[in-house]
Structure formats: structure tokens, C-alpha cells
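> Okay, handing you the structure first.
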Amino acid sequence: MSSRVNLLAPEVRMNPYPLYAELRRNAPVSQVDPGGLWAVARYADVLTVMKNPQLFSSEGIRRTYRPEWISDYPMADSMLVMDPPHHTRLRALVSRAFGTSVLTRLEPRVRELAQQVTAALPQDRSVDFVDEFSIRVPIAVLGDLVGIPPSLHARLKRWAEVMTQFTSVRPEDTELQERLRAAVADARAHFEEVVEERRRAPREDLVSDLLRARVDGEALTPTDLMGFMFLLLIGGLETTVHLLSSCALKFQEDPALMARLRAEPALIPRFIDEMLRHSGPVHGVVRLVTDEVELGGVHVPQGARLLLLMASANRDEAHFPDPDRFDLDRPGPQNLPFGHGAHFCLGAQLARMESRLALEALLARFSRLTLGEEPARWNISLVMRGPTLLPLAAHTD
Ligand code: HEM
């Protein structure tokens, strides 16, 4: 490969996997467009980077969240853009609150909700599965976590939709910048109200637990807490929604697989893990190189921004035999879809639980999914991939 490839080219976004395979073969660590990011395509190199936060920094990409057109975006204060030891301290604090208690508390509610969502899905009629199915459980879970009541879930969804465009906004796009500033201010005002309320009257919920959490006598600061609530908004919704949409699409494409899972629901967790490997929602994760380094046999300069191609690593033939084949019987677990090391996804268990219960309910009611009237539409992003519109019809026969 001589000239730089453009990872955002429409034909690449339609199906990026052939290009990822070519990068793994011929240019495993190479500069790409847009922006001259250094794409890292092989599993072993991605893992090396994730294991070494000193040399490959998350904090170094914090300035992405501090552009000139916004003065105070709380994502810039979140643990996602911190390195040890700051990250370690913050992670210990939020992990206390975010441990298994969240899962145990939420599971019965999520199960009931998943059944309601599936019961409300129309039969034999094309509907947008993103809106009518995939988003329903994750938005309710996110609302519960950040203390936003169901009457405001439509607003929560709008905040998340606008903010996921943050890292791709162009300097001249002042209209989007204004919408982003407004969404950030609105979300912040609501989150501050929730925090104040929980301070006055703690409940059995995540925000109250976060306020109570202490490590060596230290609590979260208001800035830490706001950063974490914004991180949940950005990291907890789009990911899980894309995963559920991809699962529904897989059922439509492979009716025999859908029938097998209906007959053996105990296989659903394994199905989810293989979906995460084969067609997971997170395609890229960014790090900054703090000192010149040799990676995958390539010299990378200090200050380079690496784009770790997780979706490529998860199809690396050196790690997964016959990687493009969807194989329910593949030995697991495959844990790269949720990252590795210091920043390993804090919501991995929650995402698995939400997806399992949503799919169990869908499979219990419907036996077949067929394509709807319109073609599906896909998002355009370097870091995330999934349908934004997925017209499907569900059938019980
Ligand atoms: C299928 C669903 C999901 C996928 C594939 C996913 C993937 C990831 C990945 C790859 C990272 C690591 C980022 C990095 O190394 O820079 C991450 C971090 C994180 N995720 Fe998830 N995620 C999912 C769902 C969730 C959910 C449901 C939540 C919470 C509600 C969540 C909360 C977080 C948080 C807080 C972090 C930051 C951890 C840290 O910086 O220490 N994620 N996620």
C-alpha cells in the first residue's frame, strides 16, 4: 500500500473489514486519513498498546475534548482521558459503586422492561428496529444510572445523539457547535439537579452510591462526578444500541441461527460474545504516543495519535482461525471488544446483561425477522459502527 487510505471513505464505511484485513497483511501500523492518525490493525499490537498506558497515553487525547469553541465539556474530566495514577484512584472510587450491586439491582427491572418492549413490537409490519427495539432497554438503564426519569428519556437520547458527534465536528460547523453547547449545558443542569437531590436525600441508586464512595477517606469531587455521568452518557448508550441492532440484523440474515437460539436460549451469551468479536460496535480507540517507539516493526514518532482498530484486532487471523466466519462454537472468551487493561470497559457485564435479556425476550416472541421496506442506514464514524436506521418486520409463524 503506497498512498494513505481514507478510513472514512463511504465504500470503506459500508464494509471496512476487507480494508482492515489488507492493513493487517501489508501495513499493520500505518498513517491513514483523516488526520494522519496511525492505524494499528493487529491484535498483538493493539494489546501491547493497551497494556502500556505510560507510553501510550489516554490523557494525551484529552485536548480533543477541549476545543476552542467550548469551554467546559465534562468528558475532558472523565477517567476515559486519564492515565495512572489519577485514573487508578478514580477507577477505584467509581468501581465501588458500579460493581455487582448495579447488576443485581437492575436485572429484574431490565427483564420486565425487555418483555414490555418486545410485547409492544408490531407483528408482520416493517418498523425501525433501532427506535422500536434496540434503544429501548439501554436508554431506560442509562436513565436509571444517571437519575433521569422516563419522562425525560427523549431528551437523554437527544443529548447522547448530539454529543456522539463531538469528536467529528469541523471548525467551520458553527451550527453543530451551538447545538453541542446547548446539549452539554442542558445535560449538565439536569445532572447537577440529580446530584443535589441525592445529596439531600440519598436513595438506593448509582448517584447516591457514587456520593457515598470513599477510597482512603477520599470522595469523588463534583468535577469527577460530572465527568463520570457524561462518560456514561457517551459510552453506555450508542455501544449497546448498535450491538442489539447488529444482533437483530444477524437474525434476519441467518434464520437457522435464530431458530437454534430459540431452541437453546442458554446459547445467547455465547452468541453475544461472538457478535461482539465479529461485528462489535467499537471500531477504534485513540491513544497518544508519549515517546518514540517501535510498534509492530514500525517506528512511530512521539506525539503520534494511534487509532487502535479493535474491530480489525477481533478479526486477526493470527488470533482467531477463519476470523470472518461467524462461529457460535468458537472457544472463548474473547475480551477485546471491551478493551483491555486499565480502561477495560466498566459496563461490560451490564452491557452483556442488557443484551441477553433483550434478546431472550425478542426470541421468546418472534421466530423470524425479514427486511423492511427501506434499506438500512449506517453511521459514519471512525470509532463506532452500527445502523442508525434498521427497518425490519418481525413474525411469529
Ligand atoms: C456493547 C457495549 C459496550 C462496548 C462494546 C464497550 C466498549 C468499551 C471499550 C472498548 C472501552 C475502552 C476504551 C479505552 O480503552 O479507551 C470502554 C470503556 C468504558 N465503558 Fe464501555 N462499552 C460498552 C458498554 C458500556 C456500558 C453499558 C457502560 C455503562 C453504562 C460502559 C461504560 C464504560 C466506561 C465507564 C468506560 C471507561 C473505563 C475507564 O476509562 O477506565 N460501557 N467501553
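> Can you name every residue in the range 323-361 that is at pLDDT 95 or above, more than 9 Å from the ligand (Cβ to nearest atom), open to solvent by 50 Å² or more (accessible area, probe 1.4 Å) and not in a helix (DSSP H, G or I)?
Answer for the range 323-361, where residues must be at pLDDT 95 or above, more than 9 Å from the ligand (Cβ to nearest atom), open to solvent by 50 Å² or more (accessible area, probe 1.4 Å) and not in a helix (DSSP H, G or I): D324, R325.
> Can you tell me which residue within the range 209-262, out of those that are more than 9 Å from the ligand (Cβ to nearest atom) and of a type in the set (S, T, N, Q), is surrounded by the most Cβ atoms within 10 Å (Cβ to Cβ)?
S245
> Residues of the range 245-273 being free of Cβ contacts under 8 Å to residues at least 60 places away in the same chain and acidic (D, E), which ones? Spell out the reasoning first.
At the first step, the residues of the range 245-273 found to be free of Cβ contacts under 8 Å to residues at least 60 places away in the same chain are 253, 256, 263-264, 266.
Result: E253, E264.
> Take D205 and decide whether it is closer than 28 Å to V285 by Cβ and surrounded by 14 or more Cβ atoms within 10 Å (Cβ to Cβ).
On the way: closer than 28 Å to V285 by Cβ: no; surrounded by 14 or more Cβ atoms within 10 Å (Cβ to Cβ): yes.
Taking the combined requirement at face value, the residue does not satisfy it.
> What tally of residues in the range 296-322 results from selecting those that are within 16 Å of the ligand (Cβ to nearest atom) and open to solvent by 40 Å² or more (accessible area, probe 1.4 Å)?
1
Each row is one residue, and each column tells you yes or no for (1) surrounded by fewer than 17 Cβ atoms within 10 Å (Cβ to Cβ); (2) modelled with pLDDT under 95; (3) of a type in the set (D, E).
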position	(1), (2), (3)
L8	yes, yes, no
P18	yes, no, no
N26	yes, no, no
V49	no, no, no
Q54	yes, no, no
P67	yes, yes, no
D72	yes, yes, yes
V81	no, no, no
L106	no, yes, no
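> Let me ask something additional. Pairs only if they're at least six apart or on different chains, beta carbon under 6 angstrom, first in the range 113-139 and part of a loop (DSSP other than H, G, I, E, B), second crowded, with 22+ Cβ neighbours inside 10 Å; list them, first residue then second.
So the pair list comes out as L121/A394; I135/V241.
> If you don't mind, another one. Surrounded by fewer than 17 Cβ atoms within 10 Å (Cβ to Cβ) and either within 20 Å of the chain's Cα centre (by Cα) or at positive phi (or both): does that describe D131?
On the way: surrounded by fewer than 17 Cβ atoms within 10 Å (Cβ to Cβ): yes; either within 20 Å of the chain's Cα centre (by Cα) or at positive phi (or both): yes.
Taking the combined requirement at face value, the residue satisfies it.
> Right, something else. Given the structure, is E294 part of a helix (DSSP H, G or I) and either out of contact with any strand residue (DSSP E or B) (no Cβ under 6 Å at 6 or more places or on another chain) or at pLDDT 95 or above (or both)? Even if it seems obvious, please write down each step before you answer.
Values: part of a helix (DSSP H, G or I): no; either out of contact with any strand residue (DSSP E or B) (no Cβ under 6 Å at 6 or more places or on another chain) or at pLDDT 95 or above (or both): yes.
So E294 does not fit the description; no.
The values are calculated or read from the model by the stated rules, or taken from the named source; none is laboratory data. All values reported here derive from a predicted model rather than from experimental measurement. Heads up, the Cβs are rebuilt from the backbone with ideal geometry, glycines too, and the neighbour counts pull from every protein chain shown. SASA here: full protein model, heavy atoms, side chains in, ligands and nucleic acids out. Shrake-Rupley method; radii C 1.70, N 1.55, O 1.52, S 1.80 Å.
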